[in-house]
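First comes the structure, then the notes that go with it.
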Amino acid sequence: MTAKFSHPSDFPQDSTSDILFNYTHSKPGSIPGTISIGDLAKPPEINLIEYNSDRHEYGTNLTPEECLPHLNTDSVSWIDVGGLGNRATLEKLGEVFELHPLVLADIVNVPQRPKLEDHQNQLVIITQMVNFEPTDRGIWLEQVSFVLSENYLLTVQEEPQQDCFSPVRDRLSKNKGTIRQRQADYLTYALWDTIIDGYFPVLEMYGEKIEALQELVMSQPTKATLGKIYQIKRDLLGLRRAVWPQRDILNALIRDGHTLISDRTIRYFKDIYDHTVQIIDTIEIYRELASGLMDVYLSAASNKMNEIMKLLAVVSTIFIPLTFIAGVYGMNFNTAASPKNMPELDWYWGYPLCLAAMLSLALALSVYFWRKGWLN
């Protein structure tokens with residue numbers, strides 16, 4: 001698993017979760033091409049779809065050797081590998097498909113930065129796919145590798161049955177559109193386009209979270225709210241890192257072309273490029289909104305502090321004259337020595353009159369501050 005994001009349903013709560021990176025890179029100093037298997041990686045599942053305009057065949061739980069006869073046929077073969085948890089199977093896969101050791105290492109040692117490489121009669125593309133599951137798992141990124149040849153397409157994913165390729169499989173099985181009349185390069189476009197389109201509903205979720213945060217920041221500028229803002233900024237940064245390089249490799253592919261991709265199919269890759277640019281623009285807008293929420297939070301927190309300080313100042317102002325009166329009449333004077341030494345001390349109603357004066361003064365100040373609007 002490349003990166004894990006906070007679940008959208010967790011947003012209203014106070015808890016937040018950071019983006020987690022589970023690296024499976026080789027140890028420093030390892031021989032180039034060394035593959036590293038993660039502790040949580042699942043065993044590979046190899047599935048095959050072979051098709052042309054007239055037929056469609058599907059095979060499951062194949063071995064790398066069983067894929068070999070399907071690599072040089074008149075049909076298009078899509079070999080889909082899900083899971084990176086068996087070194088022997090992955091090494092055998094590299095032998096069958098004649099993958100360079102460095103290419104195999106890039107496919108297995110995740111995460112890799114999305115990139116495009118030309119290896120003789122193969123075109124290697126590494127991308128990042130965003131997945132969403134309406135459970136505790138939420139949203140996460142997964143690396144997907146494409147190895148395109150003339151008659152086949154090899155896709156390698158981190159996990160089995162955790163992709164967004166179901167619409168493409170459905171189009172192949174039901175012969176929808178023109179996908180079964182086209183070659184492996186068009187299949188590459190269809191799968192990559194599905195990956196890019198998968199970012200749109202995720203961004204829509206984050207747009208809703210930002211809208212909810214705008215109201216929450218004004219009403220509850222607490223540390224929990226601040227943590228949610230930081231979480232969104234981190235998640236958007238993770239999405240940006242996944243999409244931005246894909247725009248670059250799409251631009252390079254469209255600009256330079258490739259012998260394995262026809263000019264007719266290149267036009268479709270331009271459509272993916274446009275979607276990628278749109279996604280990046282949306283991410284940048286949301287990042288600016290999240291940064292703006294930080295300013296709003298600081299302003300709201302400052303205003304809240306000012307209101308508290310104003311209330312304390314009002315309370316202090318009310319009690320200052322009361323404290324003065326209590327302090328004056330708390331002094332010890334001898335009225336027998338002089339009639340000017342507080343004659344009020346000998347009054348019969350002196351104590352009730354003092355309390356009444358203090359209460360009247362407090363009420364008068366409260367009414368005055370209320371009319372000024374300082375107690376709202």
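The values are calculated or read from the model by the stated rules, or taken from the named source; none is laboratory data. Computed from a predicted model, the values in this text were never measured in an experiment. Methodologically, a virtual Cβ is constructed for each residue, glycine included, from the backbone with ideal geometry; neighbour enumeration extends over all protein chains shown. Calculation scope for accessible area: heavy atoms of the full protein, side chains included, ligands and nucleic acids excluded. Shrake-Rupley method; radii C 1.70, N 1.55, O 1.52, S 1.80 Å.
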Completion exercise
Picking from 340, 304, 372, the residue that is open to solvent by 90 Å² or more (accessible area, probe 1.4 Å) and touching a residue at least 60 places away in the same chain (Cβ under 8 Å) would be 304
Problem - the range 241-263, subset free of Cβ contacts under 8 Å to residues at least 40 places away in the same chain and over 30 Å from residue 140 (Cα atoms), residue nearest to the chain's Cα centre (by Cα) - result: 255
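From 108, 103, 144, grab the single residue that is over 26 Å from the mean Cα position of the chain (by Cα), open to solvent by less than 10 Å² (accessible area, probe 1.4 Å) and more than 19 Å from residue 257 (Cα to Cα). Quick ask: steps written out before the conclusion?
On the way: 108 fails: over 26 Å from the mean Cα position of the chain (by Cα); 144 fails: over 26 Å from the mean Cα position of the chain (by Cα).
Result of the check over 108, 103, 144: 103.
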Handout entry: Members of the range 278-298 that are among the polar types (S, T, N, Q) and farther than 17 Å from residue 243 by Cβ
Key = 291
Practice task
Name the residue, out of 92, 42, 115, that is touching a strand residue (DSSP E or B) at 6+ places or on another chain (Cβ under 6 Å) and of a type in the set (Lys, Arg).
Solution key: 115
Problem - Residue among 313, 336, 300, 326 that alone is in contact with a helix residue (DSSP H, G or I) (Cβ under 7 Å, 6 or more places away or on another chain) and small (Gly, Ala, Ser) - result: 300
Problem - Residue, surrounded by the fewest Cβ atoms within 10 Å (Cβ to Cβ), within the range 49-96, restricted to residues that are within 21 Å of residue 160 (Cα to Cα) and of a type in the set (Phe, Trp, Tyr) - result: 58
Problem - residue 323 being among the β-branched types (Val, Ile, Thr) and more than 30 Å from residue 221 (Cα to Cα) - result: yes
Completion exercise
Across (1) within 17 Å of residue 62 (Cβ to Cβ); (2) touching a Phe, Trp or Tyr at 6+ places or on another chain (Cβ under 8 Å); (3) without any contact (Cβ under 8 Å) to a residue 24 or more places away in the chain, residue 88 clears everything bar (2)
Exercise for the section: Quick one: in the range 161-195, of everything that is more than 22 Å from the chain's Cα centre (by Cα) and assigned to a loop (DSSP other than H, G, I, E, B), which residue is surrounded by the fewest Cβ atoms within 10 Å (Cβ to Cβ)? Expected result: 178
Fill in the blank from the handout: Expected output for the range 316-337 (first residue within 14 Å of residue 360 (Cα to Cα), partner at pLDDT below 80 and surrounded by 14 or more Cβ atoms within 10 Å (Cβ to Cβ), Cβ below 8 Å, 6+ apart or cross-chain) is 318/369
